[in-house]
Amino acid sequence: MNRIGQRAVYNPRINLVLIFLLRFLRAAGFLLLAALVFHEPTAMAADWTAPEAQLAAKIVAATGPGAVTLDITNHSSLSRTDLGEITRGLRNQLTASGLQFVNPDQAAASVQISLSEDLQNYVWVAEIHQGANQFSVVMISTPRSGALPAAREASGVIIHQSPIWSQSERILDVAIIDGVPAHMIVLDGNQVTLYKQQGTHWQPEQSLPVTRARAWPRDLRGRLVLRKDHLFDAYLPGVFCRSTAAAPLSLNCFASDDPWPLGMGSFSLNAFYTSGRNYFTGALSPGVGAQTSVPAFYSAAPLPRDKYTLWIFAAVDGQVHLLDGVTDQKAGKLDWGSDIASVNTGCGLGWDVLATGNSDGPGDSVRVFELADREPVAVSQLLEFQGRITALWTDANGNSAITISHNVATGDYEAIRLSFACGQ
Amino acid sequence: MKRSGLVLLVASSLLFSAAARAVVRPHYGGTLRVATAAAPASLDPVDLNQSGSLAARNLSYLIFDTLVTLDDQGRPRPALAASWQPEPGNQRWRFTLRRGVSFQDGTPCTADRVAASLRVANPGWKVFASEDSVVIERDSPSLDLPAELASARNGIAKRDGSALSGTGPFAVTAWAPAKKLTLAAYNDCWRGRPFVDSIEVAMGQGYREQMLALDLGKADVIEIAPEQARRAAAGGRRVESSSPTELMALVFAHDPQSPAEEHWREALAFSIDRGSLNNVLLQGGGEPAGGLLPNWMTGYAFLFPASADLAKARQVRGDSRQSSAWTLSYDPGDPVARMVAERTALNAHDAGLSLQLTSSAVADVRLVRVPIISLDSRIALAALAAAIGLTPPPFVGGSEQDLYSAESALLQSHRVIPLLHLRASCGAGGAVRNWSQGPDGTWRLDEVWQGPEKP
């Protein structure tokens, strides 16, 4: 399992709204604007020292100390910044090992280094020509690492993303228990794992197997709910698990068709989940006012109003339903995906809807929408992900949300906590 | 905070598409109609030979699981085996099986049955069951055993007479050998029930027929010949292509009989204009190949020259003339192979060499197409060598340098001249969602679902 870091990643400010851009142009001038619009996310600095030293040692073992020509070309996905750094590093290592770089007519050997890559590694290849007929090839490899997805800026509401956890097993939900030290609970299809924060790391404390009698459905979903009288409940398709209250924890899982809680805190609404599929049946308990059913749906989000709670459902047929206890209103045509959640952003009306996108591409996105009336209005920019969002749940405190996405570059599932601030 | 103004500004950038009713969570249900050119006469994984078609392997993965699977980076990942452990020396391995897995006929997938299946596929291995594990013992250290077990021919099958059952996401409901296969979703698949209810596979379909079926809405997923992929995409079809994953090469029947013949073969390799073969004949459906494995798998394939150098070809050939023309055979049912063979003969002629095309199975040189069967480069190289009749190379170590040395040794035998690496392409209909191919062209039909038809 990998930790992807606890450091919050804040969104660089890029404003895409035309009027705003024009004001910016006048105020700050073209250079500043260009710097903002074409800003490249800062790459994480990599340490190339070890592979540089390894390749340099192999080259010098073949050539011996002396005068050579050196040429380095990049056939890989390395950035120009990395290429420059590696070029400098290799030259330094080779010089320290006794090679001198000279013109071809003065050289005893020519060294052509190609920075290439295969499925898992960077492959650095040196072709060495000495004299008329002596030719040798040396190479080394060093693992490639994935990069964190770039974040984008918001306007009305700014979305901050904090990577929490990543692992190869599909993550269904993550809950953070604030405290000293903080704890984290990670739910996947096989187990619930409890972690304790130690400095910047999450240290595994205990793993509790999720027992079940039948195979899970594909597109597996699950939900963790923190409780007051015991630590947590876990809801999975056809299975319910309850933890004990104190450490060492135990987990009791059993077959159950009990409804899953849809809201958090005071928003008490439960819905029945189809155990062999990936959606809720539409039967509600106890119901939204007099309304006890909606069409089958994937996700729901409550928005508190003065005298009632407006419930929004992302239905399986792609339609969005708004239930206020009396009427079931279908929203206009929206570009929403199947996952929505409500969050208390503290901006505007306070509670907003976070909705995934509906693109068919490999990536995904979320965006904050305000429903002042019944028409959703986007109040943030898109926050893009490098893979499909497989889960979106409101955090226990209601102020943040947890997204789980399947990173297409790394193949890992990544849990990211989204928190919100109001734009200026 | 000027909230209302900002809201209006952002609202103005919203897109309210008229067709925006799509949802991104998968839908269950429906029948997927697949057409393939391959026409396997058997579904038994053990009948998949090393040059078996990609489509046959893809179908096998739908029915049968392997103990181990390879991810897109070629790294072994647990499948039917939850974990594995070599004993010191890497000659004997223990694979601990995943619990609670059943065959599609309802019988439990036990260590005994897994061992029996692997013994059928690998008569030379010592395989036995040990409680919830399977132990495999090889004659020599086998670092790559987990990756080898990921190949389709090591799919775990329960054989009851002629009846076959696997643990994969689909069970066979009807099977007309080499003609038609019908599969139904296996509800209790340990990886989860697949999204579509059933898959109908029409086999032995020509590429033109397949394209027509896709255009008429009679097929949802088809294969597309590499040379037709570009045109198919230009025609507005949804086309997916893998990384280059099939080797097209000239294979000599025998080792060179003299140093002069070695030079002629080397000259032939320099004479071939692979760039034109790829760009003109194959319409960019592949890449020129100087090595056996493509660069995306090894990172070093550029070291093997792939560009034509007629001057060097003539220089290497020297003054000696061939004692007699080589005969070159190709698959007469493969129009691309015929064109490549003809062009190769012309290139050879320019270098002063003589290649005579023949439809006879017995020839000095064969033009072959061999799929790369694994994302593990060592397994892939060994399988390629075996498929073209060369002795699989002994690997000294596990580094890229060792792999390069092994591949260089195969090429220095002068038995094979790589020409091209071809992509595997396929087309998908507008209702097919979540379609993707692995880098080696592996289909992931169990992840596909069907949505509303898209224009």
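Relative to the compact globular guide of 2.2 N^0.38 Å, what is the alpha carbon radius of gyration of the stretch B:244-423, as a ratio?
0.97
Out of A:227, A:218, A:367, any idea which swings most in a Gaussian network model of chain A, alpha carbons joined below 10 Å?
In this elastic network of chain A, the residue with the biggest mean-square fluctuation among A:227, A:218, A:367 is A:218.
Among B:93, A:165, which comes first, then next, by fewest other beta-carbon atoms within 10 Å?
Details: B:93 21, A:165 26.
By the 10 Å Cβ count, ascending: B:93, A:165.
Helix A:80-96 against the longest principal axis of chain A: what's the angle in degrees, Cα atoms only, rounded to the nearest 10?
Computed tilt is about 40 degrees.
Counting other beta carbons within 10 Å of each Cβ, put A:364, A:47, B:309 in order, fewest first.
A:47, B:309, A:364
Would you calculate, for chain B, the mean residue ellipticity at 222 nm contributed by helices, counting each DSSP H stretch of 4 or more residues as -39,500 (n - 2.57) and dividing by all residues, to the nearest 500?
After summing the helix terms and dividing by the residues of chain B, the value is -7500 deg cm²/dmol.
Roughly what would the spin-label model give for residue A:254 and residue B:71, points 7 Å off Cα along C-beta, in nm?
Distance between the two pseudo-spin positions: 3.7 nm.
Among A:376, A:204, A:65, whose mean-square fluctuation peaks in a Gaussian network model of chain A (Cα, cutoff 10 Å)?
It is A:65.
Per-residue Cβ counts within 10 Å, from other chains only, averaged over A:212-220: what number is that?
6
Find which of B:404, B:129, B:199 sits farthest along the positive direction of the dipole of chain B, computed with +1 on the beta-carbon of Lys and Arg, -1 on that of Asp and Glu, about the Cα centre.
My answer, from the dipole projection, is B:199.
From the alpha carbon gyration tensor of the protein assembly as shown, can you work out the equivalent ellipsoid semi-axes (sqrt of 5 times each eigenvalue) and give them in Å, largest to smallest?
51, 34, 28
First measure r as the distance between the Cβ atoms of residue A:422 and residue B:444, then evaluate 1/(1 + (r/R0)^6) with R0 = 45 Å and state the FRET efficiency to the nearest 0.05.
In this case the efficiency is close to 0.60.
Counting Lys and Arg as +1 and Asp and Glu as -1, what is the net charge of the other residues whose Cβ lies under 9 Å from the Cβ of residue B:251?
+2
How much mean residue ellipticity at 222 nm does chain A get from its helices, if each DSSP H run of length 4 or more adds -39500 (n - 2.57) and you divide by all residues, to the nearest 500 deg cm²/dmol?
-4000 deg cm²/dmol
Take the Cβ-Cβ distance between residue A:213 and residue A:79 as r, set R0 to 41 Å, and report the resulting FRET efficiency rounded to the nearest 0.05.
Using R0 = 41 Å, I get an efficiency of 0.25.
Just tell me the longest site-free run in chain B, where the sites are GluC sites (Glu not before Pro) in a DSSP loop having at most 13 other beta-carbon atoms within 10 Å.
Numbers: sites that count: B:131, B:453.
In chain B, the maximal stretch lacking such sites is B:132-452.
Just counting partner chain Cβ atoms within 10 Å, what average do the residues of peptide B:185-195 show around their Cβ? The partial results should precede the final answer.
Working: counts 1, 1, 4, 2, 4, 3, 4, 10, 7, 2, 5.
Taking the mean over all residues of the peptide, I get 4.
How do B:268, B:212, A:251 rank when sorted from fewest to most other Cβ atoms within 10 Å of their own Cβ?
Ascending number of Cβ neighbours within 10 Å: B:212, A:251, B:268.
Just the isolated ones, please: cysteines in the protein assembly as shown lacking another cysteine beta carbon under 4.7 angstrom.
Isolated Cys, the protein assembly as shown: B:109, B:189, B:426.
Based on the Cα gyration tensor of the stretch A:193-238, what are the three equivalent ellipsoid semi-axes, each the root of five times an eigenvalue, rounded to whole Å and given largest first?
Working: eigenvalues 121, 42, 22 Å².
For the stretch A:193-238, the semi-axes come out at 25, 15, 10 Å.
Here, each number is a calculation from the coordinates, and none is a lab measurement. The structure presented is a predicted model; accordingly, all values stated were derived computationally and were not measured. Neighbour counts run over all protein chains shown; Cβ positions are idealised from the backbone, glycine included.
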